[in-house]
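Peer 1: I'd like to ask you about the structure that follows.
The values are calculated or read from the model by the stated rules, or taken from the named source; none is laboratory data. The model shown is predicted, which means the values in this text are computed figures rather than measured ones. A quick note on method: Cβ atoms are made from the backbone with ideal geometry, for glycine too, and the neighbour counts reach across all protein chains shown.
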Amino acid sequence: MGLRFAYNTNGMVHHRLDDALSLLADSGYDGIALTLDIHHLDPFASDFAGQRRVFARRLRSLNLGCVVESGANYLLDPRRKHEPTLICDDPGGRARRLDFLTRALEVAAETGAEAMTFWSGALAPGQDPGEARRRLADGVAQVMRRSEALGTVASLEPEPEMMIATVADWRDLAEGAGDLHLSLDTGHCLVTGDCDPADAVREHAPRLGTVHVEDMKRGVHAHLPFGEGDMDMPGLLTALAVVGYDRLVCVELSRDSYRAHAMVPEALAWLRRAEAEATIPSRAA
C-alpha cells in the first residue's frame, strides 16, 4: 500500500463542499482536509449538527478519510485575520476560539477524522510573551481535555510568525501538554530553516497527527504548486514511508482555488510521480 493523499479545502473555496468531495474522489484522493469556514461546513450555522452528519455520511459513501482544519481566515472576526486566538488579551475572544476548536473536535468525532489541527496565534505588538505563554498552555490543556473526552486527536501546527513557529517550539510546548500531536507543514520547515522536513518526519513519527505538503522556496512563506520551490518531495515521501506513516498526507495550495478544477488532479499526479521516484519500502498486505 502506498501513501495516502488528501487535499485541503482552503484551496477549493469556489467549490461547494459536496462538489469538492466528488472532485477529490474522482481524482483518486484518499481523503479530504476540511478547513471549516463560512462556505464549507460553517461551524456557527444554525443547522451545524445536521450538516456535519450529512458530511460524515457522504465521506463514508465515498470511502474518504478526513482531517479537520481550523485555519479559516475571517471566520471569527471579519476584520482581523486569524483572530481571536488562544493567546489574545480579550478573555471573550479566547473563549470564542476555544468554542470554535470544540466544534472542530465535534466534526472530527462525527467523521472519525484522523486529527483536528490548530495553531497558537501570533503575539500582538507589545504583548507580554510570558503571559501569552501561560494562556497558550491553558488553552491547549482545555483543547486536550475536550479532545480526550471525544476520542479524537488534537494536533498543533507550527506556523511562521506565530508564537509556536517552529518544530522546536512545538517540542517545547508538547513536553507538558499530554498527548498533543504535531501537525507538520513540511513547507514551513523550509521557511523557518528550523529543520529539514524529512528529518522532522523521522524524529517525530510517533507524534505526527497529520502532514501537509506543498512546494515552497526557502525563507518565503508562499504555498506553491509542486515543482516551483525547493522541496525534495521524493526524499520527504521516502521518509514518510520508512517510518510507516499511514495517516493522510494533505496537499495545501490555498492560493490556487481559482484553478482547483485542474490543480486537484494535477497535484495528485505529481505526487504519484514523486512517489515512484522515492525509495518506498514494501508493506505487508
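Peer 1: If you take the residues of the stretch 101-119 that are among the hydroxyl-bearing types (Ser, Thr, Tyr) and assigned to a helix (DSSP H, G or I), which of them is surrounded by the fewest Cβ atoms within 10 Å (Cβ to Cβ)?
Peer 2: Ranking the qualifying residues of the stretch 101-119, first place goes to 102.
Peer 1: Can you pull out the residues in the stretch 82-121 that are in contact with a Lys or Arg (Cβ under 7 Å, 6 or more places away or on another chain) and of a type in the set (Lys, Arg)?
Peer 2: The one that is in contact with a Lys or Arg (Cβ under 7 Å, 6 or more places away or on another chain) and of a type in the set (Lys, Arg): 94.
Peer 1: Taking into account only those residues within the stretch 219-237 that are among the small types (Gly, Ala, Ser) and more than 17 Å from the chain's Cα centre (by Cα), which is farthest from residue 250 (Cα to Cα)? Even if it seems obvious, please write down each step before you answer.
Peer 2: Here is the first cut: in the stretch 219-237, the ones among the small types (Gly, Ala, Ser) are 219, 222, 227, 229, 235.
Filter once more, so that each one left must be more than 17 Å from the chain's Cα centre (by Cα): 219, 227, 229, 235.
Working: 219: 21, 227: 17, 229: 17, 235: 17 Å.
The extreme case among them is 219.
Peer 1: If we only count helices (runs of 4 or more DSSP H) wholly inside the stretch 173-285, which ones have 1 or more residues that are within 30 Å of residue 136 (Cβ to Cβ) and either modelled with pLDDT under 95 or charged (D, E, K, R) (or both)?
Peer 2: Helices (runs of 4 or more DSSP H) meeting the threshold: 197-204.
Peer 1: Are any of the residues in the stretch 200-211 under 20 Å from residue 237 (Cβ atoms) and of a type in the set (Lys, Arg)?
Peer 2: Looking for residues that are under 20 Å from residue 237 (Cβ atoms) and of a type in the set (Lys, Arg), one finds at least one in the stretch 200-211, hence yes.
Peer 1: What is the number of the single condition among (1) modelled with pLDDT under 95; (2) surrounded by fewer than 18 Cβ atoms within 10 Å (Cβ to Cβ) that residue 137 does not meet?
Peer 2: (1)
Peer 1: Still on this structure, please answer the following. Name the residues in the stretch 43-70 that are out of contact with any Phe, Trp or Tyr (no Cβ under 7 Å at 6 or more places or on another chain), in a loop (DSSP other than H, G, I, E, B) and of a type outside the set (A, V, I, L, M), would you?
Peer 2: Across the stretch 43-70, the qualifying residues are 44, 46, 47, 63.
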